[in-house]
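What follows is one structure encoded as structure tokens, with my remarks underneath.
The values are calculated or read from the model by the stated rules, or taken from the named source; none is laboratory data. Just so you know, these numbers come straight off a predicted model, no measurement behind them. Note: ideal-geometry Cβ built from the backbone for every residue, glycine included; neighbour counts use all protein chains shown.
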Amino acid sequence: MGKIYTGIELGSSHIKVLVLEAMKNDYHVLSVATTPSRGIKKKEMIDKKACVTSLQGAIRNAEEQLGMKIKETVLVLPPMDANFSIEQGSSKIDEKVSGYEIKAAMKNAVFKKNKNEEEIVSVFPISFNVDDGQNVLDPKGITGHQLFTKVVMSSIPREIVFSYTQVLEAAGIKVVDYILAPQADYYVCETKDFNRKMGAIINIGEEITTVSIFNKGILIKNENLPVGSLFVDKDLSYVFQIDLKTARKMKETFAITSSRYADTNEWIEVVTQSDQKRRINQVEASKVIESRLQEILKLSKTAINNLTKREISYIIVVGGISELAGFSYLLEDLFGPKANVWNMKELGIRHNQFTTVLGSLKYYHQRCILLEKEGSMFDKNLQENLSSGKKKGNLGSDVGLNKILGRFLDN
């Protein structure tokens, strides 16, 4: 029997709840639910009560699929005003290194390091060594006297962590771990090759586009751009005088993102805000979308250049809008062959809108392996009803152990 985890992402447009079973490096989707988000604007919590109501709706939907109550979760947090620092720590070894010594060394590295106005979100090990020996990624089983580690500690303003946590608590859910959204994205896109190089992940959200720089898989810098997919909807609404709902439907089902591949013979009829019928050509609509997406990608390129002067080996774009037809052509035109749109192939969640919440659970599973922690969020007796043979899909994964450890001080 595997371990069953829940991940929750409180986004500006949608709240996502994902429950999956992890068995070694295989992942099986058990339940996934989304509801329109309320109370969050530009990643900031502006109405906790409204957000709780939206979250409760998503949880109910997920629980109906499961036939079980959700009580615990990994919570995705926005990287707003995030800070990163390299810290070092150590712990004594009784005989050989186990999860206990690893946890103690990581805790020692960040003990009393966070400022009063900041909250530690995650701590990712860069390397371990025993008695000044060779650096390793997973030291379990090595004999010696002292375990040393070097880590990257990430923190964000405490008020952000508290506001998100309070929403979960009001909905009756206990948060067992946190992860920043870009870190979760990396866990989905990770490869052995990426773990050796410098790269970037661009997540185009509803109102914010996050540009994150990773060095050997470790998030070191990020920038949040005040533009996202909602701006595309607003552009379509303004140009064609239609409401936002119609504009979004046009974007998702009719237009494509590269106008040169649009069909001049394709038309759609809409009703304008003045109750007039209007026919719109696919090329017309595509040009509007293309213009805004080009702006977002150009801003992202500038952000990458500002964040690092080192050579970038890969660029991955995620976010729901990256699923639109023709997006890869725009991306290649601006960034060249090093840039790619992520392609979610996992059964049950084959859409880039689920990248972040899936990554949060891949991260948590690997954290549990490193620390030799049980981690499962559901009672073992109840898990018998959720055997692997009843799963909705199989999520193959080869996530490594080289960047694990997050919110552990109270675990």
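Would a scan of the range 383-390 turn up a residue that is crowded, with 16+ Cβ neighbours inside 10 Å, under 20 Å from the mean Cα position of the chain (by Cα) and hydrophobic (A, V, I, L, M, F, W, C)? For the range 383-390, residues crowded, with 16+ Cβ neighbours inside 10 Å, under 20 Å from the mean Cα position of the chain (by Cα) and hydrophobic (A, V, I, L, M, F, W, C): absent.
Would you confirm whether or not the range 224-239 contains a residue that is within 27 Å of Ile315 (Cα to Cα) and part of a strand (DSSP E or B)? The answer is yes, given that some residue of the range 224-239 is within 27 Å of Ile315 (Cα to Cα) and part of a strand (DSSP E or B). Right, Ile404: β-branched (Val, Ile, Thr) and modelled with pLDDT of 85 or more or not? The answer is no for Ile404.
The range 110-219 holds strands (runs of 3 or more DSSP E) entirely within its bounds, and those carrying 1 or more residues that are polar (S, T, N, Q) map to 118-130, 146-157, 198-204, 209-215. Taking the criterion of being surrounded by 19 or more Cβ atoms within 10 Å (Cβ to Cβ) and either over 17 Å from Leu219 (Cα atoms) or at pLDDT below 95 (or both), the residues of the range 195-206 that qualify are Ile204, Gly205, Glu206. Taking the range 86-109 as the range and being assigned to a strand (DSSP E or B) and among the small types (Gly, Ala, Ser) as the test, the residues that pass are Gly89, Ser90, Ser91. With the structure loaded, tell me whether Leu361 is at pLDDT 95 or above and crowded, with 19+ Cβ neighbours inside 10 Å or whether it fails that test. For Leu361, the condition - at pLDDT 95 or above and crowded, with 19+ Cβ neighbours inside 10 Å - is met.
The residue list Thr73, Thr35 contains one member that is among the hydroxyl-bearing types (Ser, Thr, Tyr) and crowded, with 21+ Cβ neighbours inside 10 Å, which is Thr73. Mind listing whichever residues of the range 224-258 are of a type in the set (S, T, N, Q) and more than 30 Å from Leu307 (Cβ to Cβ)? The answer is Ser237, Gln241, Thr246, Thr253. Which of the residues that make up the range 68-81 are within 23 Å of Lys103 (Cβ to Cβ) and hydrophobic (A, V, I, L, M, F, W, C)? Within the range 68-81, Val74, Leu75, Val76, Leu77 qualify.
One line per residue, one yes/no per condition, for (1) surrounded by fewer than 17 Cβ atoms within 10 Å (Cβ to Cβ); (2) at pLDDT 95 or above; (3) within 18 Å of the chain's Cα centre (by Cα):
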{"site": "Leu20", "(1), (2), (3)": "no, no, yes"}
{"site": "Asp26", "(1), (2), (3)": "yes, no, no"}
{"site": "Thr53", "(1), (2), (3)": "yes, yes, no"}
{"site": "Asn61", "(1), (2), (3)": "yes, yes, no"}
{"site": "Leu66", "(1), (2), (3)": "no, no, no"}
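Beta carbons closer than 9 Å, at least 6 apart along the sequence or on distinct chains, pair a first residue in the range 1-29 that is without any contact (Cβ under 8 Å) to a residue 24 or more places away in the chain with a second that is in a loop (DSSP other than H, G, I, E, B) for Lys24/Gly2. Within the range 298-320, the residues that satisfy the criterion of being within 30 Å of Gln241 (Cβ to Cβ), touching a strand residue (DSSP E or B) at 6+ places or on another chain (Cβ under 8 Å) and modelled with pLDDT of 95 or more are Leu299, Ser300.
Being within 26 Å of Pro79 (Cα to Cα) and either of a type in the set (A, V, I, L, M, F, W, C) or surrounded by fewer than 15 Cβ atoms within 10 Å (Cβ to Cβ) (or both) is the requirement here; does Val123 meet it? Yes. Do the conditions hold for Ala262, that is, is it touching a helix residue (DSSP H, G or I) at 6+ places or on another chain (Cβ under 9 Å) and at pLDDT below 95? Judged against the criteria, Ala262 is a match. Residue count for the range 215-241, restricted to those that are of a type in the set (A, V, I, L, M), farther than 24 Å from Thr302 by Cβ and surrounded by fewer than 21 Cβ atoms within 10 Å (Cβ to Cβ): 1. Taken together, the residues in the range 123-138 that are touching a residue at least 24 places away in the same chain (Cβ under 8 Å) and farther than 17 Å from Gly99 by Cβ amount to 1.
Annotation note: Cβ proximity below 6 Å between a residue of the range 358-371 that is over 16 Å from Leu180 (Cα atoms) and a residue that is buried (at least 22 other Cβ atoms within 10 Å of the Cβ) and modelled with pLDDT under 95 (sequence gap 6+ or interchain) occurs for Leu370/Ile404.
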